[in-house]
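Any read-out appearing in this document is the output of simple, stated calculations on the displayed coordinates, not a laboratory observation. Computed from a predicted model, the values in this text were never measured in an experiment. In this analysis, Cβ positions are derived from the backbone assuming ideal geometry, glycine residues included, and neighbour counts consider all displayed protein chains.
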Amino acid sequence: MTPSMSVSEVLESALYVQDLSAAEQFYTRILGLTLYSKLDGRHVFLRCGQRMVLLFNAKATAVSAGGANDAPVHGATGPGHLAFAVPLSEIDQWKEHLVEHGVEIEKEIHWEGCRSLYFRDPSNNSVEITSPLLWRIPEESILPPRAGPRPR
């Protein structure tokens with residue numbers, strides 16, 4: 001009998017967007033994610049710390065790319081949600097940064113021992129900036145970014 005199995009971390013998260021170029025600009029210029037790779041009209045892959053944020057054109061990924069190594073079809077409709085981890089001590093700086101870049105703070109919530117900023121990306125996805133303390137995860141869990149895109 002196989003011992004109990006359990007995954008340990010989320011490696012990548014995906015959002016579905018209408019305009020890949022606008023999404024790429026938003027996530028790289030405003031949120032500071034690093035471009036990893038992209039396929040025009042289909043996807044933009046971004047590095048976030050030591051994890052990945054995948055931005056997909058929902059219409060394009062609803063159809064198979066056709067290659068033996070391409071992922072199966074997938075997609076979603078309507079706004080999604082993604083939360084980014086920052087130290088609690090940086091929340092005010094992030095609020096100021098977002099406002100300076102014309103990003104409207106939709107809602108700010110003061111949780112017990114934590115805060116969250118909610119705003120929208122160009123495709124109306126709900127984006128949150130908060131500390132991992134929200135889920136009683138130590139801030140030391142925030143890993144520094146890894147450099148550079150993968151070789152092609």
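Pairs of alpha carbons in the range 1-76 separated by more than 15 Å make up 59% of all such pairs.
Amide H contacts for PHE84 (H built 1.01 Å from N in the peptide plane; partners 5 or more residues away or on another chain; cut-off under 5 Å): GLU128, ILE129, THR130. Recomputing Cα Rg over 2.2 N^0.38 Å from the coordinates shown identifies the correct label among [x] 1.13; [y] 1.02; [z] 1.49 as [x]. Between THR34 and ARG47, the built amide H atoms are under 5 Å apart, and every one of these is 5 or more places off in sequence or on another chain. Karplus-based coupling profile of the range 46-61, in residue order and whole Hz: 10, 8, 10, x, 10, 10, 10, 10, 10, 10, 10, 7, 4, 5, 6, 7, with θ = phi - 60° in 6.51 cos²θ - 1.76 cosθ + 1.60 and x standing for Gly or Pro.
Note on ALA62 and SER6: the model spin-label points, each 7 Å out from Cα along the C-beta direction, lie 3.8 nm apart. Our coupling estimate for the range 31-36, obtained by passing each phi through the Karplus curve with A = 6.51, B = -1.76, C = 1.60 and θ = phi - 60°, is 9, x, 6, 9, 4, 9 Hz, Gly and Pro reported as x.
Projecting the Cα positions of GLY80, VAL17, ALA62 onto the charge dipole of the range 1-97 (unit charges on Cβ atoms of Lys, Arg, Asp and Glu, taken about the Cα centre) puts ALA62 furthest along the positive direction. Residues in the range 112-122 carry Karplus couplings, in order, of 5, x, 7, 9, 10, 10, 10, 8, 10, 8, x Hz; the curve used is 6.51 cos²θ - 1.76 cosθ + 1.60 with θ = phi - 60°, and Gly or Pro positions show x. Relative to the longest principal axis of the Cα atoms of the chain, the long axis of helix 91-100 lies at roughly 70 degrees. Subtracting the Cα-Cα distance of CYS114 and VAL73 from their residue separation scaled by 0.36 nm leaves 11.0 nm. For the chain, the dipole from Cβ point charges (+1 on Lys and Arg, -1 on Asp and Glu) about the Cα centre works out to 580 debye, to the nearest 20. The trypsin sites (Lys or Arg not before Pro) of the range 1-94 meeting both criteria, a DSSP state outside H, G, I, E and B (loop) and at most 16 other C-beta atoms within 10 angstrom of the site's C-beta, are ARG42. When each of the peptides 8-20, 66-78 is scored by how many other beta carbons lie within 10 Å of its residues on average, the order from highest to lowest is 8-20, 66-78.
When you restrict to C-alpha pairs under 8 Å that are six or more residues apart and normalise by the size of the chain, the relative contact order lands at 23 percent. Taking amide H positions as modeled 1.01 Å from N, with prolines and chain starts lacking one, the residues under 5 Å from ARG115 and 5 or more places away or on another chain are SER131.
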